[in-house]
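What follows is a single structure, written as structure tokens, with notes after it.
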Amino acid sequence: MSRVIVLWSGGKDAMQALCHAREAGHQVVALVTFAPPSPRFLAHPLSQVRRQAVALGLPHRLVTIEAPFDLGYERALAKLKEEWRLDGVVTGDIDSVGGAPNWIRERCRPLGIAVHTPLWQLSREALLADLLARGIVAHLSCVDTRVLAPDWVGRVLDKATLAELQQLAATRGFDACGEQGEYHTMVTDGPGFAAPVILGHWQVARQDHLAYLAETEG
């Protein structure tokens with residue numbers, strides 16, 4: 001049984017990758033989030049990510065990466081390999097972004113760390129059907145308003161929403177899984193959760209061309 005970490009954003013792709021990794025017989029020892037100094041993630045607030053890790057019963061590690069980023073990632077991965085006695089890294093990457101090589105695969109290559117990408121280049125229809133079949137509950141946490149209207153923020157990716165999303169994607173020519181940044185998600189329940197994670201009090205906020213869920217006092 002290989003020991004792996006899952007690169008964790010808190011979104012649907014990371015959750016599906018976690019499910020696939022366990023089904024493949026890997027021992028998932030931790031969830032890891034790489035971040036710049038003083039991170040502020042609009043789509044994946046760290047407070048929510050930490051709640052997910054608690055619900056999943058897995059350690060969560062926030063790893064700060066500084067420039068130069070290629071060396072920063074490699075140094076961080078080397079430390080994680082030693083600390084957790086890692087054989088591999090699991091990512092929820094679906095496809096290349098802008099035709100560039102897979103970043104994590106390139107960073108792990110010189111370290112002898114295997115990279116598992118169970119969602120890689122699967123059909124979007126299959127991936128979204130898999131999301132539903134597993135009972136993963138994911139909310140749209142951030143959208144690019146040049147692609148989707150702000151009122152999509154907060155919607156659950158249920159059967160009806162996914163059908164509408166896929167129809168729009170086919171009509172407008174964007175990625176139905178949001179792989180090119182069209183939208184991001186936050187998972188609140190799914191396989192392995194001891195209990196659902198509650199979103200709490202939120203409102204839709206805007207920054208440039210993005211609309212996102214912002215936590216409020218309540």
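Structural remarks
- Scope the range 199-218; condition exposed (fewer than 14 other Cβ atoms within 10 Å of the Cβ), in contact (Cβ under 8 Å) with a residue 40 or more places away in the chain and touching a strand residue (DSSP E or B) at 6+ places or on another chain (Cβ under 9 Å); matching residues: Arg206, His209
- Flag if Leu132 is within 27 Å of Phe193 (Cβ to Cβ) and open to solvent by less than 40 Å² (accessible area, probe 1.4 Å): no
- Cβ-Cβ distances below 9 Å connect the following pairs, each with a first residue in the range 25-50 that is aromatic (Phe, Trp, Tyr), a second residue that is assigned to a loop (DSSP other than H, G, I, E, B) and surrounded by fewer than 20 Cβ atoms within 10 Å (Cβ to Cβ), and a separation of six or more residues or different chains: Phe34/Ile65.
- Failed criterion for Arg134 (all others in (1) closer than 24 Å to Phe41 by Cα; (2) in contact with a Pro (Cβ under 7 Å, 6 or more places away or on another chain) hold): (1)
Table: residues versus (1) without any contact (Cβ under 8 Å) to a residue 24 or more places away in the chain; (2) in the same structural domain as His44 (by the TED database).
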| site | (1), (2) |
| --- | --- |
| Glu83 | yes, yes |
| Gly92 | no, yes |
| Ala129 | yes, no |
| Thr161 | yes, no |
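- Looking across the range 182-198, just one residue is loosely packed, with under 12 Cβ neighbours inside 10 Å and either outside the structural domain of Gly154 (by the TED database) or within 19 Å of the chain's Cα centre (by Cα) (or both), and that is Ile198.
- Annotation: of all residues in the range 97-124 being touching a Leu at 6+ places or on another chain (Cβ under 8 Å) and of a type in the set (Val, Ile, Thr), the one that is nearest to Ala170 (Cα to Cα) is Ile104.
- Residues in the range 162-181 that are over 16 Å from Leu127 (Cα atoms) and either crowded, with 17+ Cβ neighbours inside 10 Å or out of contact with any strand residue (DSSP E or B) (no Cβ under 9 Å at 6 or more places or on another chain) (or both): 4 in all.
- Subset of the range 62-78 that is open to solvent by 70 Å² or more (accessible area, probe 1.4 Å) and among the aliphatic types (A, V, I, L, M) - its residue that is farthest from Ile104 (Cα to Cα): Ala67
- Among the residues listed as Pro59, Pro36, Pro118, Pro45, the single one being surrounded by 16 or more Cβ atoms within 10 Å (Cβ to Cβ) and either within 27 Å of Glu215 (Cα to Cα) or of a type in the set (Phe, Trp, Tyr) (or both): Pro45
- Set Lys81, Lys159: member being open to solvent by 50 Å² or more (accessible area, probe 1.4 Å), closer than 25 Å to Leu199 by Cβ and not aliphatic (A, V, I, L, M): Lys159
The values are calculated or read from the model by the stated rules, or taken from the named source; none is laboratory data. Bear in mind that the values here come from a model prediction, so they are computed numbers and not experimental data. Cβ sites come from the backbone with ideal geometry, for glycine too, and all protein chains shown count toward neighbours. We work out accessible area using only protein heavy atoms, side chains counted, and drop any ligands, DNA or RNA first. Shrake-Rupley method; radii C 1.70, N 1.55, O 1.52, S 1.80 Å.
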